[in-house]
Amino acid sequence: MEKKPFEPPLIKKLNAGMPAKFGMAPRIEPVTEIEGHRVHDLLDQYGSPLYVISEKTIRSTYRQAYQAFSTRYPKVQFAWSYKTNYLGAVCNVFHQEGAWAEVVSGFEYDKALQNGVPPQYILFNGPSKTYEDLKTATENGSFIHIDHFDELYMLMEVADDTGKKPKVAIRVNMDTGIYPRWDRFGFNYDNGEAWEAINRIMLSEKMDLTGLHTHIGTYIMTPEAYRVAAGKLAELVVSTERKYDHNIRYIDLGGGFASKNTLKGAYLPGTDTAPSFDDYADAITAALVNSAIKPEHLPLLVLETGRALIADAGYLLGTVIANKRLADGRRAMIADVGVNLLFTSFWYEHQIFPAQPVSRHTEDTTIYGPLCMNIDVLRGAIDFPLLKKGDRFVIKRIGAYNMTQWLQFIEYRPNVVMIDTDGNTHIIRKKENLDYLTMQENIPGHLNKINL
């Protein structure tokens with residue numbers, strides 16, 4: 001007879017009536033495999049912790065989003081947001097599906113070129129473009145989204161120096177009825193600044209005004225805000241055509257679509273509250289087709305969706321280091337995954353699942369990472385079963401930003417593995433080692449010898 005593991009007695013308060021505001025407390029079911037691969041096997045082969053990316057999920061999600069918009073509007077183009085996840089293998093899955101590249105720095109621009117993206121399919125956003133960035137993008141025929149007047153004037157100089165007309169759009173910020181209002185980037189619509197920028201571009205005759213761009217915020221839960229934004233950009237399109245007989249070729253609605261992650265402090269889980277791609281598509285396309293833009297001049301609709309396209313495709317696997325009791329008696333679990341690898345844990349209540357069968361009994365638990373810092377908290381309070389030292393776990397929906405905002409801090413960054421559509425696994429970024437981390441260092445000769 002198999003000996004069962006010892007579970008220490010636990011006194012847990014029970015409340016009369018419904019145990020929780022959502023009804024009966026749910027049982028946490030383990031996630032033992034990912035697309036046919038046992039979690040334990042993946043960790044044994046590639047090490048713990050481990051990022052896992054599903055190519056199948058990326059392609060499926062992208063096609064759902066594209067269908068939602070293309071069935072409602074005749075001209076649709078997605079552009080993959082490099083800052084969301086710029087690993088080459090991830091970017092190229094999107095490019096194979098037909099997405100252009102959207103970049104916000106010279107580094108990301110170079111990365112897109114390295115990935116094989118033709119420069120005429122790169123949208124160059126961001127407030128910090130250098131003169132050399134603008135010159136390169138102009139000579140390559142990329143689309144440059146102007147963020148401020150100083151950049152506009154610099155582009156006039158680039159046009160004079162290169163003898164070429166930069167292909168430009170202006171980024172527009174506006175009041176769409178949501179808070180906080182993003183007005184740091186671009187030209188304001190409501191005070192007339194955006195219209196002034198358009199006039200300066202058109203009157204200079206040194207640039208080719210090809211598009212209008214807005215990005216109203218992040219994790220936007222209200223599709224109606226996109227309807228307002230699309231309507232205001234449409235008004236600028238009509239005004240430009242009326243005054244200059246010039247047709248704007250594309251309207252870029254940016255990103256900001258919510259993923260199914262749950263924000264900290266949210267009453268309901270993101271799986272229940274996040275709008276669908278159809279919801280966003282209804283709002284945006286209705287504003288454009290109902291606008292005063294002439295049917296024969298309908299602009300290309302560009303979308304820079306990042307988070308909502310990649311979040312579900314990412315998993316972070318790890319191992320329990322230890323358990324302990326805090327001073328107030330609450331249980332704490334220490335994992336080998338920290339906020340250096342899961343930066344989004346600062347604003348999401350990420351779903352965490354055991355990777356092996358566990359007891360149905362749960363306890364209020366704080367899950368810490370391995371870093372020697374008090375802020376290294378993956379979940380401040382979660383009703384979680386007891387996992388023993390060496391047990392494995394899976395964190396879902398981590399594909400967005402955690403592989404670009406990750407930190408090399410205290411611990412090495414681990415392997416990143418992609419499971420392709422045939423179920424094969426590939427290392428798409430190797431784990432770090434000391435040689436990798438010190439290859440850019442230089443110790444002056446007088447410091448090479450130490451005396452202890």
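Within the set of other residues whose C-beta is less than 11 Å from the C-beta of residue 371, count the net charge using Lys and Arg as +1 and Asp and Glu as -1. Residues close to residue 371 contribute a combined charge of -3. In the structure shown, the pairs 56/165; 129/396; 111/167; 164/243 are assessed against 32 Å; a Cα-Cα span above that value is assigned to 56/165; 129/396. In the chain, the alpha-carbon atoms span a convex hull of 209 Å³ per residue. Between residue 2 and residue 150, the simple label model (points 7 Å from Cα in the Cβ direction) yields a spacing of 6.6 nm. Exposure proxy for 418, 373: other Cβ atoms within 10 Å of each Cβ, ordered fewest to most, give 373, 418. Other residues within the sphere of radius under 11 Å centred on the Cβ of residue 141, judged by their own Cβ, net out at +1 (K and R +1, D and E -1). Ordered by the number of other Cβ atoms lying within 10 Å of each residue's own Cβ, fewest first, 377, 339, 289 fall into the sequence 289, 377, 339.
Where the centroid of each part is defined by its Cα atoms, how far is the stretch 174-190 from the stretch 269-295 in Å? Cα centroid to Cα centroid, the span is 19 Å.
Arranged by the count of other C-beta atoms within 10 angstrom, fewest first, what order do 27, 379 take?
Working: 27 11, 379 19.
So the ranking, lowest neighbour count to highest, is 27, 379.
Contact order, relative form, for the chain: 19 percent (alpha carbon pairs under 8 Å, 6 or more residues apart, mean separation divided by residue count). Please list, by residue number, every one of the trypsin sites (Lys or Arg not before Pro) in the stretch 388-452 that is coil in DSSP and has at most 10 other beta-carbon atoms within 10 Å. Within the stretch 388-452, the qualifying trypsin sites (Lys or Arg not before Pro) (loop, at most 10 other Cβ atoms within 10 Å) are 449. With the convex hull constructed from alpha-carbon coordinates only, the stretch 333-452 shows a mean projected area of 11.2 nm² over all directions.
The antiparallel fraction among DSSP beta bridges confined to the chain stands at about 45%.
Under a Cβ-Cβ cut-off of 15 Å, what is the net charge of the residues other than residue 343 that fall near it, where Lys and Arg count +1 and Asp and Glu count -1?
Values: positive: 83, 264, 307, 379, 397, 413; negative: 349, 376, 411.
Residues close to residue 343 contribute a combined charge of +3.
Across the stretch 111-245, the relative contact order, built from alpha-carbon pairs under 8 Å that are at least six residues apart, equals 20 percent.
Working from Cα pairs under 8 Å separated by at least six residues, relative contact order for the stretch 293-394 is 31 percent.
Sequentially through the stretch 121-131, phi angles give Karplus couplings (6.51, -1.76, 1.60; θ = phi - 60°) of 10, 10, 9, 9, 9, x, x, 10, 5, 8, 4 Hz, Gly and Pro residues having no value and appearing as x.
For the stretch 363-452, GluC sites (Glu not before Pro) meeting the loop criterion (DSSP other than H, G, I, E, B) and having at most 13 other Cβ atoms within 10 Å: 441.
Coordinate-derived values only; no laboratory data. In this text the structure is predicted, and so the values were computed from the model without any measurement. Virtual Cβ from ideal backbone geometry, glycine too; neighbours counted across all protein chains shown.
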